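Student: Here's a structure for you.
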Amino acid sequence: MLNSLFDAGVNHYGPVILTPATLAAFATSHELLDELLVFHHLLASDEYVQYVDAYYRAGRQRFGRHWHYMDISTVLFAASRLVQPTTYLEIGVRRGRSACMVARGCPSVHIVAFDLWVQQYAGMENPGPDFVREELQKHGHTGTVSFFDGDSHTTIPAFFSDYPDTTFDMITVDGDHSEAGAFDDLCNVIPFLSVGGVLVFDDISHPAHPYLLQVWQKTLMRFPFLSGYAYTDVGYGVAFAVRTG
């Protein structure tokens with residue numbers, strides 16, 4: 001019945017796409033965290049990853065399936081599982097933890113990654129693209145990965161100037177954390193997000209960057225075809241949106 005209605009052109013709501021509430025529910029689910037905990041400790045660890053891994057396990061131990069928590073990793077893993085993206089763009093790569101989350105959810109995804117490779121970023125080592133390639137391979141990535149080194153405010157416009165018809169099913173913006181710089185990165189990539197695709201923006205409640213939540217809100221007002229969600233309960237916060245049209 002449903003298929004015949006769609007075939008007949010009866011479609012009041014538009015295409016069936018992922019909703020932010022659906023993604024939030026999966027990203028905070030008992031099922032997803034169980035799967036994530038199986039491999040998260042296998043990521044080449046630094047001090048922060050070790051801390052987050054322990055935090056996940058402590059939350060699960062104390063509150064069980066009732067623990068409601070979300071961060072960039074749970075969102076990216078959930079989104080990649082649900083969307084099964086063909087293409088993924090990332091600004092801010094560092095050690096590749098976020099990219100590995102996407103690859104674990106969809107191993108065949110083609111990744112385009114942008115980073116300045118700032119040494120001792122946030123006080124931690126930033127080993128470069130060869131290291132990230134190895135991490136992706138360890139986590140079963142079978143798609144292509146292309147790295148573009150340099151300032152994203154230059155490299156992103158240059159990339160889309162060269163490939164104006166390219167779109168991405170998932171995009172993460174986690175690079176420049178200045179107010180103007182973060183907004184510029186968002187504005188530069190959002191037009192190239194696929195309909196039904198997911199945009200992720202990190203650190204919206206980070207104490208060192210209290211303005212990033214306002215940047216996110218400003219972005220949603222500028223691009224009304226995005227349906228957004230923000231999590232600020234605990235941790236550094238994360239926001240995401242689905243392109244609805």
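Where a number appears in this text, it was derived from the coordinates with a stated rule and is not lab data. For clarity, every value in this text was computed on a predicted model and none was experimentally measured. All Cβ positions, glycine included, derive from the backbone under ideal geometry; neighbour counts span all protein chains shown.
Student: Residue by residue, what Karplus-based ³J(HN,Hα) values in Hz, rounded to whole numbers, does segment 65-73 have, using 6.51, -1.76 and 1.60 with θ = phi - 60° and x for Gly and Pro?
Tutor: Values per residue, Gly and Pro as x: 5, 8, 5, 10, 9, 8, 8, 4, 6 Hz.
Student: Counting other beta carbons within 10 Å of each residue's own, what order do Met70, Met221, Met170 fall into, fewest first?
Tutor: Met221, Met70, Met170
Student: Can you list the residues, at least 5 places off or on another chain, whose amide H is less than 5 Å from the amide H of Leu193, using H built in the peptide plane?
Tutor: Here the answer is Phe168, since their amide H atoms fall under 5 Å of that of Leu193.
Student: Enumerate the calculated ³J(HN,Hα) couplings along segment 172-184 in order (Karplus 6.51 cos²θ - 1.76 cosθ + 1.60, θ = phi - 60°), each rounded to whole Hz, writing x wherever the residue is Gly or Pro.
Tutor: Working through the residues one at a time gives 10, 10, 8, x, 4, 9, 6, 4, 5, x, 5, 5, 5 Hz.
Student: Two decimals is fine: what is log10 I(q)/I(0) at q = 0.09, 0.15, 0.16, 0.20 Å⁻¹ for segment 105-245, from a Debye sum with one equal scatterer on every Cα and no solvent?
Tutor: These q points yield log10 I(q)/I(0) values of -0.28, -0.84, -0.96, -1.45.
Student: Average projected area of the Cα convex hull of segment 17-76, in nm²?
Tutor: Reported value for the Cα convex hull: 4.2 nm².
Student: What number in nm² do you get for segment 19-150 if you take the convex hull of its Cα atoms and divide its surface by four?
Tutor: 7.7 nm²
Student: Which distance in Å, rounded to a whole number, links the C-alpha centroids of segment 170-245 and segment 45-76?
Tutor: 21 Å
Student: A follow-up question, please. Over all distinct alpha-carbon pairs, what is the Kirkwood Rh of segment 181-245 in angstrom?
Tutor: Kirkwood radius, segment 181-245: 11.8 Å.
Student: Pairs of Cα atoms under 8 Å, at least six residues apart: use those to get the relative contact order of the chain, whole percent.
Tutor: Details: 411 pairs, mean separation 44.6, N = 245.
Relative contact order, the chain: 18 percent.
Student: Bin width 10 Å, origin at 0, all Cα-Cα pairs of the chain: what percent of pairs per bin?
Tutor: Values per bin, smallest distances first: 7, 31, 38, 18, 4, 1.
Student: Same structure, new question: Within a Cβ distance under 13 Å of Asp174, other residues only, what is the Lys/Arg minus Asp/Glu net charge?
Tutor: Local charge sum for Asp174: -4.
Student: Would you compute, from DSSP H runs of 4+ residues alone, the mean residue ellipticity of the chain at 222 nm, taking -39500 (n - 2.57) per run and dividing by the full residue count, rounded to the nearest 500?
Tutor: Value at 222 nm, helices only: -13000 deg cm²/dmol.
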